[in-house]
Amino acid sequence: MDDMRARYGVPLAITAVGAAGLAYAAGFEARSFRLRRLTVPVLPQGMRPLRVLQVSDIHMVSGQRKKRAWLQSLAGLRPDFVVNTGDNLSDPEGVPEVLDALGPLLEFPGVYVFGSNDYYGPKPRNPARYLLEKAQGRHGLNGNAPATGVIHNPWEELRDAFDSAGWVGLSNTRGRLKIDGHELAFTGLDDPHIKRDRYEEVAGGPEKDADLSLAVVHAPYLRTLDAFTADGYPLILAGHTHGGQLCIPFYGALVTNCDLDTDRVKGLSTHTAGENTSYLHVSAGCGTNRYTPVRFACPPEATLLTLVPHV
(Lines give C-alpha, C1' and ligand atoms only; values in the text may rest on other atoms or scores of the structure.)
Protein backbone atom coordinates (compact mmCIF):
# COMPACT_ATOMS: atom_id res chain seq x y z
CA MET A 1 0.00 0.00 0.00
CA ASP A 2 2.82 2.39 0.89
CA ASP A 3 4.52 1.59 -2.44
CA MET A 4 1.30 2.46 -4.30
CA ARG A 5 1.02 5.77 -2.45
CA ALA A 6 4.62 6.60 -3.29
CA ARG A 7 4.10 5.60 -6.91
CA TYR A 8 0.84 7.42 -7.56
CA GLY A 9 0.68 10.10 -4.87
CA VAL A 10 2.99 12.68 -6.47
CA PRO A 11 1.56 12.43 -10.02
CA LEU A 12 -1.96 12.69 -8.66
CA ALA A 13 -1.00 15.73 -6.59
CA ILE A 14 0.58 17.40 -9.62
CA THR A 15 -2.51 16.64 -11.68
CA ALA A 16 -4.74 18.10 -8.96
CA VAL A 17 -2.67 21.28 -8.74
CA GLY A 18 -2.69 21.62 -12.53
CA ALA A 19 -6.45 21.15 -12.68
CA ALA A 20 -6.96 23.72 -9.92
CA GLY A 21 -4.69 26.19 -11.75
CA LEU A 22 -6.58 25.70 -15.01
CA ALA A 23 -9.91 26.18 -13.25
CA TYR A 24 -8.63 29.41 -11.69
CA ALA A 25 -7.15 30.67 -14.97
CA ALA A 26 -10.29 29.96 -16.98
CA GLY A 27 -13.05 30.33 -14.40
CA PHE A 28 -11.85 33.32 -12.39
CA GLU A 29 -8.88 35.27 -13.69
CA ALA A 30 -9.99 35.41 -17.33
CA ARG A 31 -13.11 37.24 -16.09
CA SER A 32 -11.44 39.29 -13.34
CA PHE A 33 -11.50 42.59 -15.21
CA ARG A 34 -9.28 45.44 -13.98
CA LEU A 35 -8.68 49.09 -14.79
CA ARG A 36 -5.08 50.23 -14.98
CA ARG A 37 -4.50 53.96 -14.29
CA LEU A 38 -1.38 55.73 -15.54
CA THR A 39 -0.10 59.28 -15.93
CA VAL A 40 1.98 60.20 -18.99
CA PRO A 41 3.74 63.61 -19.29
CA VAL A 42 3.40 64.35 -23.03
CA LEU A 43 1.24 67.47 -23.30
CA PRO A 44 2.56 70.96 -24.05
CA GLN A 45 2.77 73.37 -21.15
CA GLY A 46 -0.50 75.10 -20.28
CA MET A 47 -2.76 72.39 -21.72
CA ARG A 48 -5.25 70.80 -19.34
CA PRO A 49 -4.87 67.06 -18.60
CA LEU A 50 -6.62 64.68 -21.00
CA ARG A 51 -8.14 61.38 -19.93
CA VAL A 52 -7.69 58.64 -22.54
CA LEU A 53 -9.39 55.26 -22.24
CA GLN A 54 -7.57 52.51 -24.13
CA VAL A 55 -9.43 49.26 -24.82
CA SER A 56 -7.80 46.40 -26.65
CA ASP A 57 -8.01 42.73 -27.55
CA ILE A 58 -11.65 42.25 -26.58
CA HIS A 59 -11.78 39.00 -28.61
CA MET A 60 -15.55 38.90 -28.22
CA VAL A 61 -17.27 35.51 -28.31
CA SER A 62 -21.06 35.26 -28.28
CA GLY A 63 -22.43 34.90 -24.77
CA GLN A 64 -19.72 36.75 -22.84
CA ARG A 65 -22.19 38.80 -20.78
CA LYS A 66 -19.82 39.76 -17.96
CA LYS A 67 -17.27 41.17 -20.39
CA ARG A 68 -19.96 43.16 -22.19
CA ALA A 69 -21.30 44.62 -18.95
CA TRP A 70 -17.81 45.57 -17.76
CA LEU A 71 -16.96 47.31 -21.02
CA GLN A 72 -20.26 49.19 -20.91
CA SER A 73 -19.47 50.35 -17.37
CA LEU A 74 -16.23 52.03 -18.51
CA ALA A 75 -18.31 54.87 -19.95
CA GLY A 76 -18.73 55.99 -16.34
CA LEU A 77 -15.10 57.12 -16.41
CA ARG A 78 -16.13 59.93 -18.81
CA PRO A 79 -12.90 59.89 -20.84
CA ASP A 80 -12.02 62.74 -23.16
CA PHE A 81 -11.54 60.20 -25.91
CA VAL A 82 -11.19 56.45 -26.52
CA VAL A 83 -8.43 54.55 -28.31
CA ASN A 84 -9.31 51.05 -29.51
CA THR A 85 -6.16 49.11 -30.46
CA GLY A 86 -7.85 46.19 -32.20
CA ASP A 87 -8.67 42.48 -32.04
CA ASN A 88 -12.28 43.15 -31.13
CA LEU A 89 -13.48 39.80 -32.50
CA SER A 90 -12.91 36.12 -31.84
CA ASP A 91 -16.16 34.93 -33.40
CA PRO A 92 -17.69 35.71 -36.82
CA GLU A 93 -21.01 36.22 -35.03
CA GLY A 94 -19.52 38.62 -32.48
CA VAL A 95 -20.01 42.01 -34.18
CA PRO A 96 -23.43 42.78 -32.58
CA GLU A 97 -22.07 41.94 -29.13
CA VAL A 98 -18.96 44.05 -29.63
CA LEU A 99 -21.15 46.99 -30.62
CA ASP A 100 -23.42 46.36 -27.64
CA ALA A 101 -20.39 46.27 -25.31
CA LEU A 102 -18.86 49.42 -26.77
CA GLY A 103 -22.15 51.23 -27.32
CA PRO A 104 -21.83 53.65 -24.38
CA LEU A 105 -18.19 54.37 -25.30
CA LEU A 106 -19.15 55.18 -28.89
CA GLU A 107 -20.78 58.31 -27.46
CA PHE A 108 -17.29 59.69 -26.83
CA PRO A 109 -14.76 60.77 -29.46
CA GLY A 110 -12.52 57.89 -30.47
CA VAL A 111 -9.95 56.41 -32.83
CA TYR A 112 -9.27 52.80 -33.76
CA VAL A 113 -7.04 50.36 -35.59
CA PHE A 114 -7.76 46.72 -36.38
CA GLY A 115 -5.81 43.59 -35.48
CA SER A 116 -5.54 40.25 -37.25
CA ASN A 117 -8.49 38.80 -35.33
CA ASP A 118 -10.77 41.53 -36.63
CA TYR A 119 -10.04 40.28 -40.13
CA TYR A 120 -9.70 36.54 -39.56
CA GLY A 121 -11.22 34.03 -37.17
CA PRO A 122 -8.78 32.16 -34.90
CA LYS A 123 -7.76 28.53 -35.41
CA PRO A 124 -6.95 25.97 -32.68
CA ARG A 125 -3.28 26.27 -31.83
CA ASN A 126 -0.88 24.56 -29.44
CA PRO A 127 0.26 27.29 -26.97
CA ALA A 128 3.75 25.73 -26.97
CA ARG A 129 4.18 27.00 -30.54
CA TYR A 130 4.50 30.54 -29.19
CA LEU A 131 7.61 29.49 -27.28
CA LEU A 132 8.99 27.68 -30.33
CA GLU A 133 8.39 30.67 -32.58
CA LYS A 134 10.02 32.98 -30.04
CA ALA A 135 13.12 30.76 -30.01
CA GLN A 136 13.19 30.74 -33.82
CA GLY A 137 12.50 34.47 -34.17
CA ARG A 138 9.24 33.89 -36.07
CA HIS A 139 6.01 35.72 -35.22
CA GLY A 140 2.66 35.96 -37.02
CA LEU A 141 3.23 36.05 -40.78
CA ASN A 142 6.62 37.67 -40.23
CA GLY A 143 8.81 34.75 -41.28
CA ASN A 144 5.98 32.22 -41.31
CA ALA A 145 4.03 30.93 -44.29
CA PRO A 146 0.81 32.82 -45.15
CA ALA A 147 -2.27 31.60 -43.30
CA THR A 148 -4.53 29.26 -45.26
CA GLY A 149 -8.07 28.08 -44.69
CA VAL A 150 -8.82 30.93 -42.29
CA ILE A 151 -12.28 32.23 -41.42
CA HIS A 152 -12.99 35.75 -42.67
CA ASN A 153 -14.61 37.91 -40.00
CA PRO A 154 -17.14 40.62 -40.97
CA TRP A 155 -14.76 43.45 -40.12
CA GLU A 156 -16.45 45.77 -42.61
CA GLU A 157 -19.57 45.83 -40.40
CA LEU A 158 -17.44 46.79 -37.42
CA ARG A 159 -15.65 49.51 -39.40
CA ASP A 160 -18.91 50.97 -40.69
CA ALA A 161 -20.41 51.08 -37.19
CA PHE A 162 -17.34 52.74 -35.70
CA ASP A 163 -17.24 55.27 -38.54
CA SER A 164 -20.95 56.02 -38.18
CA ALA A 165 -20.43 56.77 -34.49
CA GLY A 166 -17.71 59.28 -35.39
CA TRP A 167 -14.68 57.19 -34.43
CA VAL A 168 -11.70 57.78 -36.70
CA GLY A 169 -10.13 54.77 -38.44
CA LEU A 170 -6.34 54.83 -38.51
CA SER A 171 -5.37 51.87 -40.70
CA ASN A 172 -2.26 53.20 -42.51
CA THR A 173 -3.61 56.73 -42.34
CA ARG A 174 -3.82 59.87 -40.25
CA GLY A 175 -6.80 61.40 -38.49
CA ARG A 176 -7.79 64.12 -36.05
CA LEU A 177 -10.02 64.80 -33.07
CA LYS A 178 -10.87 68.19 -31.62
CA ILE A 179 -11.11 68.12 -27.81
CA ASP A 180 -12.01 71.32 -25.94
CA GLY A 181 -10.69 73.39 -28.81
CA HIS A 182 -7.40 71.49 -28.96
CA GLU A 183 -6.33 69.74 -32.17
CA LEU A 184 -5.20 66.17 -31.58
CA ALA A 185 -3.53 64.39 -34.49
CA PHE A 186 -3.18 60.61 -34.78
CA THR A 187 -1.07 58.44 -37.04
CA GLY A 188 -2.00 54.76 -37.26
CA LEU A 189 -0.91 51.55 -38.92
CA ASP A 190 -2.77 48.44 -39.97
CA ASP A 191 -1.67 45.27 -38.17
CA PRO A 192 2.07 44.48 -38.49
CA HIS A 193 1.41 40.93 -37.23
CA ILE A 194 -0.02 40.05 -40.63
CA LYS A 195 2.16 42.46 -42.62
CA ARG A 196 -0.58 45.00 -43.33
CA ASP A 197 1.46 47.95 -42.02
CA ARG A 198 2.57 50.54 -44.59
CA TYR A 199 4.60 53.13 -42.73
CA GLU A 200 5.73 54.83 -45.93
CA GLU A 201 2.12 55.98 -46.43
CA VAL A 202 2.07 57.90 -43.13
CA ALA A 203 5.73 58.83 -42.59
CA GLY A 204 6.72 62.37 -41.73
CA GLY A 205 6.21 62.66 -38.00
CA PRO A 206 3.89 64.76 -35.86
CA GLU A 207 1.74 67.42 -37.50
CA LYS A 208 3.12 70.82 -36.70
CA ASP A 209 -0.26 72.57 -36.45
CA ALA A 210 -1.62 70.04 -33.92
CA ASP A 211 -1.45 70.50 -30.16
CA LEU A 212 -0.52 66.82 -29.73
CA SER A 213 0.29 63.94 -32.11
CA LEU A 214 -0.04 60.30 -31.02
CA ALA A 215 0.85 57.02 -32.74
CA VAL A 216 -1.47 53.98 -32.70
CA VAL A 217 -0.85 50.37 -33.80
CA HIS A 218 -2.21 46.96 -32.84
CA ALA A 219 0.94 44.83 -32.60
CA PRO A 220 4.06 46.55 -31.19
CA TYR A 221 6.64 45.17 -33.60
CA LEU A 222 10.02 46.82 -33.28
CA ARG A 223 10.05 48.07 -36.89
CA THR A 224 6.91 50.13 -36.19
CA LEU A 225 8.13 51.38 -32.81
CA ASP A 226 11.44 52.38 -34.38
CA ALA A 227 9.66 54.28 -37.17
CA PHE A 228 7.25 56.12 -34.88
CA THR A 229 9.99 57.01 -32.41
CA ALA A 230 12.49 58.13 -35.05
CA ASP A 231 9.79 60.42 -36.44
CA GLY A 232 9.34 62.01 -33.00
CA TYR A 233 5.96 60.83 -31.66
CA PRO A 234 5.83 61.37 -27.88
CA LEU A 235 3.50 58.40 -27.17
CA ILE A 236 2.75 55.12 -28.95
CA LEU A 237 -0.32 53.06 -28.00
CA ALA A 238 -0.50 49.33 -28.80
CA GLY A 239 -2.09 46.06 -27.73
CA HIS A 240 -1.80 42.49 -29.12
CA THR A 241 0.45 40.89 -26.47
CA HIS A 242 -2.29 40.00 -23.92
CA GLY A 243 0.40 40.88 -21.37
CA GLY A 244 1.85 37.43 -21.99
CA GLN A 245 -1.54 35.88 -21.01
CA LEU A 246 0.00 32.93 -19.14
CA CYS A 247 2.63 34.41 -16.83
CA ILE A 248 4.77 33.03 -14.04
CA PRO A 249 4.25 34.76 -10.67
CA PHE A 250 7.27 36.84 -9.58
CA TYR A 251 8.84 36.26 -13.01
CA GLY A 252 6.46 37.59 -15.63
CA ALA A 253 5.67 36.83 -19.24
CA LEU A 254 7.35 34.15 -21.32
CA VAL A 255 6.26 35.46 -24.72
CA THR A 256 4.90 38.63 -26.35
CA ASN A 257 3.73 37.09 -29.67
CA CYS A 258 5.91 39.63 -31.50
CA ASP A 259 9.54 40.73 -31.38
CA LEU A 260 9.03 43.09 -28.42
CA ASP A 261 10.94 42.03 -25.31
CA THR A 262 9.01 40.57 -22.38
CA ASP A 263 10.07 43.40 -20.04
CA ARG A 264 7.70 45.67 -21.98
CA VAL A 265 4.89 43.17 -22.58
CA LYS A 266 2.35 45.44 -20.87
CA GLY A 267 2.07 48.81 -19.21
CA LEU A 268 4.07 52.00 -19.69
CA SER A 269 7.70 51.97 -20.80
CA THR A 270 9.89 53.85 -23.26
CA HIS A 271 11.33 53.12 -26.68
CA THR A 272 14.46 54.69 -28.16
CA ALA A 273 15.40 54.98 -31.83
CA GLY A 274 18.33 57.10 -32.84
CA GLU A 275 18.36 60.22 -30.68
CA ASN A 276 14.62 60.10 -29.92
CA THR A 277 12.73 58.42 -27.07
CA SER A 278 8.96 57.86 -27.00
CA TYR A 279 6.65 56.61 -24.31
CA LEU A 280 5.12 53.24 -25.17
CA HIS A 281 1.95 51.89 -23.63
CA VAL A 282 1.02 48.28 -24.36
CA SER A 283 -2.39 47.15 -23.15
CA ALA A 284 -2.69 43.60 -21.83
CA GLY A 285 -6.22 43.63 -23.26
CA CYS A 286 -9.41 42.22 -21.83
CA GLY A 287 -9.93 39.01 -23.81
CA THR A 288 -8.33 35.84 -25.09
CA ASN A 289 -8.34 33.70 -28.20
CA ARG A 290 -11.55 31.65 -28.04
CA TYR A 291 -9.51 28.41 -28.13
CA THR A 292 -7.30 29.38 -25.17
CA PRO A 293 -9.76 31.15 -22.82
CA VAL A 294 -7.36 31.32 -19.86
CA ARG A 295 -5.21 33.92 -18.14
CA PHE A 296 -2.77 33.36 -15.31
CA ALA A 297 -0.99 36.08 -13.31
CA CYS A 298 -2.17 38.50 -16.00
CA PRO A 299 -5.74 39.72 -15.42
CA PRO A 300 -7.74 41.27 -18.29
CA GLU A 301 -7.66 45.05 -18.33
CA ALA A 302 -8.39 48.40 -19.88
CA THR A 303 -6.29 51.48 -19.17
CA LEU A 304 -7.16 55.06 -18.25
CA LEU A 305 -4.18 57.20 -19.22
CA THR A 306 -4.10 60.74 -17.93
CA LEU A 307 -1.97 62.85 -20.24
CA VAL A 308 -0.38 65.81 -18.47
CA PRO A 309 2.11 68.54 -19.50
CA HIS A 310 5.71 67.43 -19.72
CA VAL A 311 8.21 69.01 -17.38
Practice item. Would you mind pulling out the separation of the Cα centroids of the stretch 157-212 and the stretch 247-311, in Å? Key: 21 Å
Practice item. Project the alpha carbons of the stretch 94-142 onto their principal axes and report the range along each, largest first, in whole Å. Key: 44, 21, 15
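Would you work out the relative contact order for the stretch 81-234, in percent, from Cα pairs under 8 angstrom that are 6 or more residues apart?
Working: 258 pairs, mean separation 35.6, N = 154.
The normalised contact order for the stretch 81-234 reaches 23 percent.
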Check your understanding: Which ³J(HN,Hα) values in Hz, rounded to whole numbers, follow from the phi angles of the stretch 85-97 under the Karplus curve 6.51 cos²θ - 1.76 cosθ + 1.60, where θ = phi - 60° and Gly and Pro get x?
Key -> 9, x, 6, 6, 10, 9, 7, x, 8, x, 4, x, 6
Study note, to complete from the structure: Residues whose built amide H sits under 5 Å from the amide H of residue 89, excluding neighbours closer than 5 in sequence, are 59, 60, 118
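Divide, for the chain, the radius of gyration over alpha carbons by 2.2 N^0.38 Å, where N is the residue count. Numbers along the way, then the final one.
Numbers: Rg = 20.1 Å, N = 311, 2.2 N^0.38 = 19.5 Å.
The value comes to 1.03.
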Check your understanding: Which is the longest run of the chain containing none of the chymotrypsin sites (Phe, Trp or Tyr not before Pro) found in DSSP loop states (not H, G, I, E, B) with at most 14 other C-beta atoms within 10 Å?
Key -> 29-249
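Using +1 on the beta carbon of Lys and Arg, -1 on that of Asp and Glu, and nothing else charged, what's the dipole of the chain about the Cα centre, debye to 20?
Working: 31 positive and 34 negative charges, 198 e Å.
The dipole magnitude comes to about 960 debye.
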Point to revise | More than 16 angstrom apart: percent of Cα pairs within the stretch 83-180 | key: 63 percent
Practice item. Run the accessible area of the stretch 32-309 with a 1.4 Å probe and give the carbon-and-sulfur part as a rounded percent. Key: 52 percent
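Write down the accessible area per residue of the chain in Å², having rolled a 1.4 Å probe over the full set of protein chains.
Heavy-atom SASA per residue in the chain reads 45 Å².
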Revision key, fill the gap. For the stretch 172-247, using Cα atoms only, the Rg and Dmax in Å read 13.1, 43
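The values are calculated or read from the model by the stated rules, or taken from the named source; none is laboratory data. From a predicted model like this one, the values you see are computed outputs, not experimental measurements. Every residue, glycine among them, receives a Cβ derived from its backbone with ideal geometry; neighbour counts consider all protein chains shown. These accessible areas exclude ligands, DNA and RNA; they are computed on the full protein's heavy atoms, side chains included. Shrake-Rupley method; radii C 1.70, N 1.55, O 1.52, S 1.80 Å.
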